C-alpha cells in the first residue's frame, strides 16, 4: 500500500502538469516564539514556502539553547537561533552548519538595552564604561547576553572579568533581578526595557547595537538535512529570501531623518506576523515594531561575525577544543555579507 | 519411599563486601574499553578517561576547590538549618496534640511540592544571593525530616514512656532519655534521604545567580555542551553523595550500636 | 529518720470507664503494708487498670486511692512498677537501665553506681552490667526489670503480670526469685496475674475480680509466710481450686466475648 502510494507520488512529481513538487516530509523549523524570526512568519503566511514546493512546520521553543539540542536529536531540520557557546560546541561535533544570516544588532535599531537598577544608577552607574565592579545578570555563561557584554567590554575597553556575572537562567529572572536591585545591571529587549524605564524601575544606560554590530541570530541546518535534502533546503532558502524581502519592504524603509516609514505594507506584514506571535494582543502592532531589527538583503550571512563570535567564545574558554570555523559554515545556500 | 525435597531457603540476601566497589570498577572499566575500541561513540558520551582528565584539569586549575567550597558550605548550612527546623517541628507534631493535626495538614500539603518550582519565589523573597540557595536546600530537607522525625517519635513505644513516668522522670528527661533515642534510628534513616535530597537540590539552588558551586558548574557545562566537564561535575556530585552516605553509616554504627 | 517503709494503700470507691466501656465498678479495697496482694480475674476484668490506678498512671473516673504509713528516707520512688513487657530502654545497657530511676531522683554518680551494683548482685545480674537488652533472654530482661524497681527502694512494688511473657520454666524459676526478694525486702506488693498457681504461691491476700465491669468477687487469704511455700502444697492446691471455682464461669464468658476492649 505504502509502496503504491510512493510510486503514485513519484509519478505525480514527474508529471509536468503536477505543479510544484510535493516534498516527502515537511521541513521542521525551530524558532523562538518572538518577533525575531519575522521573515519566516511572513514567508509561511504568504505561502512562499508552498510556492517553492516545500512544506514548513514551525516548532516553537522557549529558549535558544534547546533549539540546537533539538536539531542534534533530530527533532528539527533547520533552526533560527543565537550562536551561543552551546551551539558552537554542538556544531563543532559536525552536527550543525550555519547557512544564513538573521537578525542584526546595528546602530540605529534599539533592540537590546543595557538596564541599570535604580539603586546602581543613583550610585553612579550611568554609562556603560562604569560597569566594572558591578554585578550583571545574564541567562547563562556562553549565552548571547554574555557575548554581547564581552563585546561591550571590548568596545568600552574594560575587562569583562571586572564585572560579576550572575547567571539567572531566564530573561524574566534578569528583569526581576534588576527591578529589585539584586543585580546592578542586565540586558533586555526594547519591549521589556522601555516600560521598566517609564515606570521608573530601571534606567536604560545604553543600546547594544550602538556599540556592537552583531549578527544576533543565524539560520542553521542539520548535517543530515544538508546531506540528504539539499534541494529542499535550497527551496526553503529561496522562500526565506522572499520573506526577507517582504520584511524589508514592510519595516526597513526610512525617511531622510532616519525614521522608519510605515504604510499598508507594514500593516499587512504585522497581520501576517500576528498569526504566530502576539496573537490576539491589542498592542501587537507596537510590540512587533519595537522588536524590528535589521535583516540583510537576501538573508546574507555575516561570515566574519560568526568567526568573530566563535573566536571570542574560544578565547573565553566557553568553547573547548579547536573548532574550524569553515567547518561549521556552509555558504552554498545563501549569500554572504 | 522417597526423600523429602528441600524447598526452603532464598529470600535472604546478604551483603557481599567489595562486590559493590568491584561492580562500579568493572562497569567503568568496560565502558572505557568499549569507548577505546570505538564500540561507543565518544561524541556525546565521553569515556571515563576523558572525564578523569577533565576532573584533574579542574583540580589543577583550582576551580574544583572553589566550586566545592561554595557547594559544601551551602550544603552544610542549608542542610543543618532544614534539619534543625525539621527536628523541632517533627518533635512538636509528635508530642503535642494541638500542633499535630494542623501541622500535619500543612506538611502533607507542602511536602509533595517540587522545591525547584518554588525557586523563583525564593528568589523574589530572599534574593539571588546565598539566602535563596540556603532556603531551597533547607526547604527540601525540612519536610522529609519532619516526616521521619514524626514517624520516629510515633514509633517510640508508649510503654517505655509510661515506664519513664512511673519512675518519676520529668518531661524533659522523658524527651531526652526516651523519646529522642527512640526516634533516633528513624531520624538517622531520614538523614540518608535528606542529604541525598540536598545534593539533588544543589543544582536547582545554584541555578540562579551562583558564580561558583558544583551545581552551577554542572549547569553551565550542560549549557555549553561541554560533555567532559558536565560528567566530571556529575562525578563530583556522585562522589559527594557516596562520602556523605558513608559518613552516615559510620554515625549509625556509632550511635545505634545497641540495635 | 525512717529506716523502713511500711505503706498501705486504700482504694476508695474506684470506678473506671474507657469511653462507654466500664472497666472497674466501685472497688473498695485495703492493701495492707508489707503484704503481697494478688489481683486475679479473667481477661478484661480490669486488674491491670486497677494496678495503673494504684500507681498514678491512670486517673480513675471516680473514687481515689490513699497511701499511708512511713516511707524510708532512701526510697526514691514510692510506687514502683515492674512491667509485663519489661519496658527496658534498648539503647541503654543493663546498668544504664537499672540506673534510670536513680537519675530521675537526682542521685549522685557514685551513689547510683553503688545502688546499681547492689541490686545487680541481688538479682544475679552482676556479670551483665554492660550487656545490651537485646543480648539477654526474656527471663534475664525481667530480672533487669525487677532490679530497676528494687534499685529505687520502693515503698510499694506494683507488678503487672511480670511473668506472662516468659516460658513456663523461666516463670517457675523467676517466681521463686521474686518470692525471695519480696520476703527479704518486706516491701508492700501488688501482683497482677491470671495464673492461679502464681497467685497461690505469692499471695497473702488474693483479690478475685469478676469479669467486666470488674468488681471484687471475693478475697482469699493465705496467712502462711511466702518462705516455705512449694508448688503442690496441699493448702495451696486447695486455694487454687477455690480460685478456679470463683473465676471459671466468668473466664468462660470472657473467652466468648469479642476482643473489643
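When you scan the range A:89-106, how many residues do you find that are touching a strand residue (DSSP E or B) at 6+ places or on another chain (Cβ under 9 Å) and within 13 Å of chain B (Cβ to nearest Cβ)? Before you say what the answer is, go through the steps one by one.
Within the range A:89-106, the first condition is being touching a strand residue (DSSP E or B) at 6+ places or on another chain (Cβ under 9 Å), and the residues that meet it are A:90-91, A:95-106.
Applying the additional criterion that residues be within 13 Å of chain B (Cβ to nearest Cβ) yields A:90-91, A:95-96.
Result for the range A:89-106: 4.
Here's a check for you: in the range B:6-51, which residue that is touching a residue at least 40 places away in the same chain (Cβ under 8 Å) and part of a helix (DSSP H, G or I) is farthest from residue B:238 (Cα to Cα)? Lay out the reasoning, then the answer.
We begin by selecting, within the range B:6-51, every residue touching a residue at least 40 places away in the same chain (Cβ under 8 Å); these are B:44-46, B:50-51.
When the remaining residues are screened for being part of a helix (DSSP H, G or I), the result is B:50-51.
On the way: B:50: 17, B:51: 13 Å.
Taking the candidates together, the pick is B:50.
Taking residue B:155 as meeting all but one of (1) away from chain C (no Cβ under 14 Å); (2) touching a residue at least 12 places away in the same chain (Cβ under 8 Å), write down the number of the exception.
(1)
Residue check: is residue B:209 in a loop (DSSP other than H, G, I, E, B) and within 13 Å of chain A (Cβ to nearest Cβ)? Break it down stepwise before answering.
Details: in a loop (DSSP other than H, G, I, E, B): yes; within 13 Å of chain A (Cβ to nearest Cβ): yes.
Answer is yes for this residue.
Taking the range A:193-204 as the search range and keeping residues that are surrounded by fewer than 20 Cβ atoms within 10 Å (Cβ to Cβ) and touching a helix residue (DSSP H, G or I) at 6+ places or on another chain (Cβ under 6 Å), which one is modelled with the highest pLDDT?
Taking the candidates together, the pick is A:204.
Does residue B:94 fit the bill of being at pLDDT 95 or above, away from chain C (no Cβ under 14 Å) and out of contact with any strand residue (DSSP E or B) (no Cβ under 9 Å at 6 or more places or on another chain)?
Values: at pLDDT 95 or above: no; away from chain C (no Cβ under 14 Å): yes; out of contact with any strand residue (DSSP E or B) (no Cβ under 9 Å at 6 or more places or on another chain): yes.
Taking the combined requirement at face value, the residue does not satisfy it.
Please find, among A:271, A:266, the residue that is surrounded by fewer than 16 Cβ atoms within 10 Å (Cβ to Cβ), in the same structural domain as residue A:49 (by TED's automatic domain parsing) and either free of Cβ contacts under 8 Å to residues at least 24 places away in the same chain or closer than 21 Å to residue A:44 by Cβ (or both).
Details: A:266 fails: surrounded by fewer than 16 Cβ atoms within 10 Å (Cβ to Cβ).
Being surrounded by fewer than 16 Cβ atoms within 10 Å (Cβ to Cβ), in the same structural domain as residue A:49 (by TED's automatic domain parsing) and either free of Cβ contacts under 8 Å to residues at least 24 places away in the same chain or closer than 21 Å to residue A:44 by Cβ (or both) holds for just one of A:271, A:266, which is A:271.
Determine whether residue B:219 is free of Cβ contacts under 8 Å to residues at least 24 places away in the same chain and either closer than 23 Å to residue A:65 by Cα or part of a helix (DSSP H, G or I) (or both). Even if it seems obvious, please write down each step before you answer.
On the way: free of Cβ contacts under 8 Å to residues at least 24 places away in the same chain: yes; either closer than 23 Å to residue A:65 by Cα or part of a helix (DSSP H, G or I) (or both): yes.
Answer is yes for this residue.
Please verify whether residue B:227 is surrounded by fewer than 23 Cβ atoms within 10 Å (Cβ to Cβ), modelled with pLDDT of 95 or more and closer than 30 Å to residue B:57 by Cα, treating the condition exactly as stated. First the steps, then the outcome.
Working: surrounded by fewer than 23 Cβ atoms within 10 Å (Cβ to Cβ): yes; modelled with pLDDT of 95 or more: no; closer than 30 Å to residue B:57 by Cα: yes.
Against the criterion (surrounded by fewer than 23 Cβ atoms within 10 Å (Cβ to Cβ), modelled with pLDDT of 95 or more and closer than 30 Å to residue B:57 by Cα), residue B:227 does not qualify.
Looking at residue B:247, is it in a helix (DSSP H, G or I) and either within 14 Å of chain A (Cβ to nearest Cβ) or touching a residue at least 40 places away in the same chain (Cβ under 8 Å) (or both)? It would help to see each step written out before you state the result.
Details: in a helix (DSSP H, G or I): yes; either within 14 Å of chain A (Cβ to nearest Cβ) or touching a residue at least 40 places away in the same chain (Cβ under 8 Å) (or both): no.
No, not satisfied.
Looking at the range C:236-251, can you tell me whether even one residue there is under 17 Å from residue C:44 (Cβ atoms) and surrounded by fewer than 13 Cβ atoms within 10 Å (Cβ to Cβ)? Explain how you work it out, then say what you get.
Pass one, the range C:236-251, residues under 17 Å from residue C:44 (Cβ atoms): C:246-251.
When the remaining residues are screened for being surrounded by fewer than 13 Cβ atoms within 10 Å (Cβ to Cβ), the result is C:248-249.
Checked against the condition, which is being under 17 Å from residue C:44 (Cβ atoms) and surrounded by fewer than 13 Cβ atoms within 10 Å (Cβ to Cβ), the range C:236-251 yields at least one hit.
Counting only residues that are touching a residue at least 12 places away in the same chain (Cβ under 8 Å) and either farther than 13 Å from residue B:150 by Cβ or part of a helix (DSSP H, G or I) (or both), how many does the range B:97-114 have? Steps first, answer last, please.
Our first condition is that a residue be touching a residue at least 12 places away in the same chain (Cβ under 8 Å); within the range B:97-114, this holds for B:103-104, B:107, B:110-111.
Going one step further and asking which of them are either farther than 13 Å from residue B:150 by Cβ or part of a helix (DSSP H, G or I) (or both), we end up with B:103-104, B:107, B:110.
Of the residues in the range B:97-114, 4 are touching a residue at least 12 places away in the same chain (Cβ under 8 Å) and either farther than 13 Å from residue B:150 by Cβ or part of a helix (DSSP H, G or I) (or both).
Name the helices (runs of 4 or more DSSP H) wholly inside the range C:154-261 in which the number of residues that are in contact with a strand residue (DSSP E or B) (Cβ under 7 Å, 6 or more places away or on another chain) is 3 or more.
On the way: elements: C:168-185, C:196-202, C:234-255.
Output list reads C:196-202, C:234-255.
Among the residues of the range A:119-156, write down those that are in contact with a helix residue (DSSP H, G or I) (Cβ under 8 Å, 6 or more places away or on another chain) and assigned to a loop (DSSP other than H, G, I, E, B).
A:124, A:131, A:132, A:133, A:134, A:139, A:140, A:141, A:142, A:143
Select from the range C:25-42 the residues that are touching a helix residue (DSSP H, G or I) at 6+ places or on another chain (Cβ under 8 Å) and closer than 29 Å to residue C:70 by Cβ and list them in ascending order. Write out each step before concluding.
Here is the first cut: in the range C:25-42, the residues touching a helix residue (DSSP H, G or I) at 6+ places or on another chain (Cβ under 8 Å) are C:27, C:31, C:36, C:38-42.
Scanning the range C:25-42 gives C:27, C:31, C:36, C:38, C:39.
Please pick out the residue among A:258, A:298 that is in a loop (DSSP other than H, G, I, E, B) and at positive phi. Break it down into steps so the answer makes sense when it comes.
On the way: A:298 fails: in a loop (DSSP other than H, G, I, E, B).
The conditions single out A:258.
Filter the range C:58-109 down to residues that are at the interface with another protein chain (Cβ under 10 Å from one of its Cβ atoms), part of a helix (DSSP H, G or I) and within 18 Å of the chain's Cα centre (by Cα), then give me how many there are.
Of the residues in the range C:58-109, 1 are at the interface with another protein chain (Cβ under 10 Å from one of its Cβ atoms), part of a helix (DSSP H, G or I) and within 18 Å of the chain's Cα centre (by Cα).
Listed here are the residues, each with its yes/no results for (1) without any contact (Cβ under 8 Å) to a residue 24 or more places away in the chain; (2) in a helix (DSSP H, G or I); (3) closer than 30 Å to residue C:150 by Cα.
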residue: B:86; (1), (2), (3): no, yes, no
residue: B:128; (1), (2), (3): no, no, no
residue: B:150; (1), (2), (3): no, yes, no
residue: B:164; (1), (2), (3): yes, yes, yes
residue: B:169; (1), (2), (3): yes, no, yes
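Filter the range B:176-192 down to the residues that are under 17 Å from residue C:96 (Cβ atoms) and more than 9 Å from chain C (Cβ to nearest Cβ), then identify the one that is surrounded by the fewest Cβ atoms within 10 Å (Cβ to Cβ). Spell out how you get there, then give the answer.
Kept after step one, since they are under 17 Å from residue C:96 (Cβ atoms), are these residues of the range B:176-192: B:176-182, B:184.
Pick out the ones that are also more than 9 Å from chain C (Cβ to nearest Cβ) and you get B:176, B:179-180.
Numbers: B:176: 12, B:179: 20, B:180: 18.
That would be B:176.
Residue C:194 is checked against (1) within 13 Å of chain B (Cβ to nearest Cβ); (2) under 30 Å from residue C:250 (Cα atoms) and fails just one. What number does that condition carry?
(1) is the only condition that residue C:194 fails.
Being under 30 Å from residue C:184 (Cα atoms), surrounded by 13 or more Cβ atoms within 10 Å (Cβ to Cβ) and at pLDDT below 90 is the filter here, so list the residues in the range C:3-27 that pass it.
Once the filter is applied, which keeps residues that are under 30 Å from residue C:184 (Cα atoms), surrounded by 13 or more Cβ atoms within 10 Å (Cβ to Cβ) and at pLDDT below 90, the range C:3-27 yields C:4, C:5, C:6.
Hey, can you tell me all the residues within the range A:160-205 that are under 18 Å from residue A:143 (Cα atoms) and in a loop (DSSP other than H, G, I, E, B)?
A:163, A:168, A:169, A:170, A:183
Of all residues in the range A:132-174, how many are free of Cβ contacts under 8 Å to residues at least 24 places away in the same chain and either within 10 Å of chain B (Cβ to nearest Cβ) or within 16 Å of residue A:216 (Cβ to Cβ) (or both)?
Count: 1.
Quick check on the range A:213-235. Is at least one of its residues more than 14 Å from chain B (Cβ to nearest Cβ), crowded, with 22+ Cβ neighbours inside 10 Å and part of a loop (DSSP other than H, G, I, E, B)?
The answer is yes; a qualifying residue exists.
The values are calculated or read from the model by the stated rules, or taken from the named source; none is laboratory data. These numbers come from a predicted model, not from an experiment. All Cβ positions, even for glycine, are placed from backbone atoms using ideal geometry, and neighbour counts span all protein chains on display.
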